[in-house]
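Data first, discussion second: the structure below is written as structure tokens.
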Amino acid sequence: MPLDPKLIKETIDPGRIKQWIEEFSEIGKDPAGGITRPGLSEKEMAAKQKAISIMKALGLQVRIDPFGNVIGSRRGKHQNAPPIMTGSHLDTVQNGGSFDGAVGVIGALEVIHVLNTLEISTYHPIEIIIFTAEEPNRFGFSAFGSKGLSLKWNFEELSQLKDEKGTSLPIALKLIGIDWKSIQRVIQPPPLHAFIEMHVEQGERLYKKGSSIGVVLGITGIYREQITVRGEANHSGTTPMARRKDALMTACEIILAAERSVQTDEDEGATATVGRILVTPNQVNIIPGEVVATVEFRSTLPKTLEKMKIRFKEALSEIHRSRKVEIMADEVLAQPPKRFSEKVICSIEEGAHTLGFPALDLFSMAGHDASHLAFITDAGMIFIPSKGGLSHCPQEWTDHEDIAKGAAVLLYSILNIDGEER
């Protein structure tokens with residue numbers, strides 16, 4: 001059975017958590033404010049090295065898998081039993097915050113510290129993982145390490161990727177010690193008993209309701225298309241309106257069509273976003289000849305996601321007919337909604353209730369490493385509050401007491417799942 005709740009709360013140390021947060025925040029600290037530790041960069045590697053030193057001090061056996069994921073293992077009574085894994089990532093977006101990803105790693109380290117302090121032996125080995133490049137990076141993809149662990153990559157497609165300087169992904173990986181040939185030799189995921197990720201919510205639901213713990217039921221589906229509009233560049237003063245083939249005006253209609261494709265009466269959490277747009281030639285006195293934009297739809301309901309895609313496709317056809325410009329739509333991501341394991345969800349709910357922390361059941365509208373691990377094992381997530389719902393910015397903040405509460409629920413959940421075998 002799990003530990004006495006009072007003992008768990010007494011042993012988790014918010015002061016140690018605060019210190020670790022501050023130490024990791026020094027790596028990639030941006031002079032303009034915030035933290036910049038891009039995936040596949042030297043800064044990400046430096047943060048991993050710091051975590052490795054802490055893992056070794058805690059007595060963990062550390063290894064690095066072919067995808068650059070750092071894994072620290074604590075022995076179990078039955079060493080051949082599949083491990084219970086926890087952890088997150090240490091890379092950040094440009095000028096991001098100190099908590100996204102990092103609290104999941106630090107919470108996991110705190111769990112190991114408590115297990116060591118109380119001399120608790122678990123049936124399963126307990127592993128901490130630090131995933132490589134969870135955030136979008138200079139090659140345009142995300143979740144490199146967790147998708148790799150779950151064997152969800154098309155290695156042929158990956159090998160063709162290049163950054164803005166023309167450096168291929170295999171070469172870039174080699175520069176940070178990841179061997180492309182070793183990646184290609186991975187043919188099966190590791191055996192895992194369960195995976196639990198602790199993470200800041202990156203929204204304001206917990207913060208507004210005063211709940212300490214978010215019990216994550218699943219991850220939103222994400223669908224993205226790259227839309228290319230090819231019109232005709234021409235002089236802005238000498239070309240009559242009736243004769244124009246304006247790519248940007250067409251793109252404006254497409255953006256609004258994406259917004260109209262969302263009907264919140266079907267799913268109030270559904271979203272449409274155009275977050276990236278490139279205009280050519282991007283000159284003040286030239287009608288834009290080409291626009292490339294990325295359109296994204298999100299929903300936790302598969303039927304809603306499909307309906308948004310259909311409405312948008314119909315709108316593109318109508319805009320093409322009315323504007324008489326070339327419109328191309330290329331799918332770049334199709335990630336279906338993913339429900340987490342009921343076993344893990346129940347363990348987290350029980351942990352929050354037993355420890356006396358107010359909890360809220362919710363879905364994550366952001367993607368996470370756990371959504372990929374859910375394809376190979378029983379997986380789940382614990383959310384903790386984000387002040388004001390702010391994330392991916394220097395103002396991102398989660399109180400250290402809330403991180404400690406999350407770590408306590410994480411510890412309880414791990415021991416609860418481990419106790420199934422006793």
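Hey, could you get me the Stokes-Einstein D for the chain, Kirkwood radius over alpha-carbon pairs, 25 °C and 0.890 mPa s, rounded to whole µm² s⁻¹?
After rounding, the answer is 107 µm²/s.
Along the charge dipole of the chain, pointing to its positive end and built from +1/-1 on Cβ of Lys, Arg, Asp and Glu, which listed residue (79, 36, 320) has its Cα farthest out?
320
What ³J(HN,Hα) values, in whole Hz, does the Karplus curve 6.51 cos²θ - 1.76 cosθ + 1.60 give for the range 369-377 when θ = phi - 60°, with x put for Gly and Pro?
Karplus-based 3J(HN,Hα) across the range 369-377 equals 4, 4, 5, 7, 5, 5, 7, 10, 7 Hz.
I'd like to know which of 218, 249, 229 lies farthest towards the positive end of the charge dipole of the range 209-314, counting +1 on Cβ of Lys and Arg and -1 on Cβ of Asp and Glu.
Projecting each Cα onto the dipole axis, the largest value belongs to 229.
Test of understanding: ordering 244, 321 by Cβ neighbours within 10 Å, fewest first, what list do you get?
321, 244
Given +1 on the Cβ of Lys and Arg, -1 on the Cβ of Asp and Glu, and no further charges, what dipole in debye does the range 303-388 carry about its Cα centre, rounded to the nearest 20?
520 debye
Relative to the Cα centre, what is the charge dipole magnitude of the chain, using +1 at the beta carbon of each Lys and Arg, -1 at the beta carbon of each Asp and Glu, and rounding to the nearest 20 debye?
For this selection, approximately 840 debye.
Name the residues whose placed amide hydrogens come within less than 5 Å of the amide hydrogen of residue 202, ignoring near sequence neighbours (fewer than 5 apart) on the same chain.
386
Ranked highest first by average number of other Cβ atoms within 10 Å, how do 208-217, 125-134, 334-343, 401-410 line up?
125-134, 401-410, 208-217, 334-343
Please list 3J(HN,Hα) in residue order for the range 388-404, calculated via the Karplus relation 6.51 cos²θ - 1.76 cosθ + 1.60 where θ = phi - 60°; whole Hz, with x for glycine and proline.
x, x, 7, 7, 6, 7, x, 7, 3, 8, 9, 4, 5, 5, 5, 5, 5
Based only on other Cβ atoms within 10 Å, what is the fewest-to-most ordering of 7, 206?
Going from least to most buried by this count: 7, 206.
Among the aspartates and glutamates, select those whose C-alpha is under 18 Å from the C-alpha of residue 324, and discard any that sit fewer than 8 residues away in the same chain.
Within the straight-line cut-off, residue 324 pairs with 232, 246, 253, 290, 314.
On the principal axes of its Cα set, how long, how wide and how thick is the range 132-247? Give whole Å, largest value first.
So the three principal-axis extents are 68, 49, 22 Å.
Just tell me which lysines come within less than 19 Å, Cα to Cα, of residue 208; anything on the same chain fewer than 8 places away is out.
Those lysines meeting the cut-off are 387, 405.
Separation between the residue 18 and residue 334 pseudo-spin-labels, each 7 Å from Cα along Cα→Cβ, expressed in nm?
About 5.0 nm separates the two model spin labels.
For residue 381, which sequence-distant residues (separation of 5 or more, or a different chain) have an amide H within less than 5 Å of its own amide H, given hydrogens modelled in the peptide plane?
Long-range HN contacts for residue 381: 197, 216.
Where does each of 207, 412, 223 land when they are ranked from fewest to most other beta-carbon atoms within 10 angstrom?
Going from sparsest to densest Cβ surroundings: 207, 223, 412.
With θ set to phi - 60° and the Karplus curve 6.51 cos²θ - 1.76 cosθ + 1.60, what are the ³J(HN,Hα) couplings of the range 105-113 in order, to the nearest whole Hz, using x for Gly and Pro?
Ordered by residue, 3J(HN,Hα) equals 6, 5, x, 5, 4, 5, 4, 5, 4 Hz.
Exceeding 25 Å between C-alpha atoms, which entries from my cross-link table qualify? They are 56/152; 50/165; 152/338.
Result: 56/152; 50/165 exceed 25 Å.
Taking the Cα centre of the range 129-175 as origin and charging only Cβ (+1 Lys, Arg; -1 Asp, Glu), how large is the dipole, in debye to the nearest 20?
With Lys and Arg at +1 and Asp and Glu at -1, about 100 debye.
Using the Cα centre of the chain as origin and beta-carbon charges of +1 (Lys, Arg) and -1 (Asp, Glu), tell me which of 55, 335, 141 is placed farthest towards the positive end of the dipole.
Of the options given, the answer is 141.
In this model, which of 29/343; 147/303; 18/77; 245/303; 77/181; 43/343 are farther than 27 Å apart at the alpha-carbon?
29/343; 18/77; 245/303; 77/181; 43/343, as the Cα separations exceed 27 Å there.
Can you report the principal axis dimensions of the range 221-335 using only the alpha carbons, biggest first, rounded to whole angstrom?
Projected onto the principal axes, the Cα atoms of the range 221-335 cover 49, 22, 20 Å.
Since every read-out is calculated from the coordinates, none of them should be taken as a lab result. All of these numbers come straight from a predicted model, not from anything done at the bench. With ideal geometry, Cβ positions are generated from the backbone for all residues, glycine too; neighbour counts draw on all protein chains shown.
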